[in-house]
Amino acid sequence: VALGSGITASGSDSFGWTAPWAGAGVTDSHLQIVDPTPDLSYQITGGALLTGGNRALLLTTNPEPLASTLFATRNFPNLNTTFYISFLMRLPISGTGSDSIDIHLMNGTTTVVRFAIRPFNPGPPAGYLWGFTGATGESGSAKSLSGDNSKIHLIVIEARLAGSGNSYFINPFVNPGSTYPGLPGGTGQTGPFDRIGLSVRSTDTSGPTTTVLIDEIRIGYTWSDVVPPGPAPALVPDVTINQAVKLRWQSQSGKTYQVQYSYDLLNWFNFGATISGNNQVKEVFDSADADAKKFYRIQVP
């Protein structure tokens with residue numbers, strides 16, 4: 001699971017995430033590292049094909065209920081500048097009720113902003129991404145992820161430093177193109193940030209559960225760090241134009257011509273292959289040699 005495009009992150013286990021995490025010394029199946037089928041990938045409009053590879057993070061509310069909110073974090077250097085986070089996401093199973101799988105932007109152990117993946121109730125198969133501020137307050141409108149549960153989404157979160165101090169505007173984008181789409185407004189919050197978190201919670205005792213796959217988490221200082229642009233246009237071929245000699249003559253049908261050249265009018269060499277006449281004007285070109293005089297003749301063998 002990639003983390004870091006312009007920023008290097010770290011954590012407490014081999015995958016860079018703090019416990020609890022299944023597959024990293026923890027047995028809780030609500031948080032797993034899996035090989036998804038198929039791998040998560042997304043073709044960015046006007047950009048590159050973003051492929052997560054053969055490992056992804058699986059977060060699920062199955063089985064329900066959860067005794068407490070399960071939480072995993074990963075650290076990155078303390079940021080007091082504009083930065084971006086992107087990840088691929090698929091919602092293969094959309095549940096009902098209180099299911100919530102959240103992505104947190106944090107300062108130490110404090111969640112500053114979180115984005116919740118929750119089902120439309122009574123559901124399924126709908127789900128959505130919604131911006132949250134702090135621990136409880138809600139802001140922004142729902143971003144629909146409903147319809148096809150096999151669809152893979154590209155989610156980008158911009159944390160844009162607004163003026164002096166640690167004031168940030170937080171802007172979420174769903175399935176953007178490779179070019180920065182502009183400023184949708186955003187939620188004002190106070191940074192700095194040094195951690196990304198993932199959490200799973202549900203107090204339901206029955207009903208469909210929710211499962212989310214997340215892959216290719218990127219953190220960078222610019223839009224292009226986390227949303228790769230398309231391939232660079234092909235370079236124009238390097239063309240060199242030199243002076244040339246052009247020979248023209250009127251040919252006759254039934255005759256064959258051989259162009260020859262010499263440097264001393266004594267020794268002659270064939271220039272190219274023979275040319276068959278057809279009552280049309282024939283032309284041949286030879287690059288001019290600035291260091292020597294060259295003589296030409298046309299023979300009819």
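Every number here is computed from the coordinates shown, using simple stated rules; none is lab data. On a predicted model such as this, the values are computed, not experimentally measured, just so you know. Neighbour counts are summed over all protein chains in view; Cβ atoms, including those assigned to glycine, are modelled from backbone coordinates with ideal geometry.
For the range 205-284, the set of chymotrypsin sites (Phe, Trp or Tyr not before Pro) satisfying both a DSSP loop assignment and a count of at most 14 other C-beta atoms within 10 Å is given as Tyr263. Translational diffusion coefficient of the range 253-301 at 20 °C, 1.002 mPa s, Stokes-Einstein with Kirkwood Rh over Cα pairs, in µm²/s as a whole number. For the chosen part, D equals 180 µm²/s. The lysines whose alpha-carbon is closer than 27 Å to the alpha-carbon of Lys255, local same-chain residues fewer than 8 away aside, are Lys246, Lys282, Lys294.
Relative to the current alpha-carbon distance between Asn242 and Trp268, full extension at 0.36 nm per residue lengthens the span by 6.9 nm.
If you take all other residues with their beta carbon under 11 Å from the beta carbon of Ser98, and give Lys and Arg +1 and Asp and Glu -1, the sum is -1.
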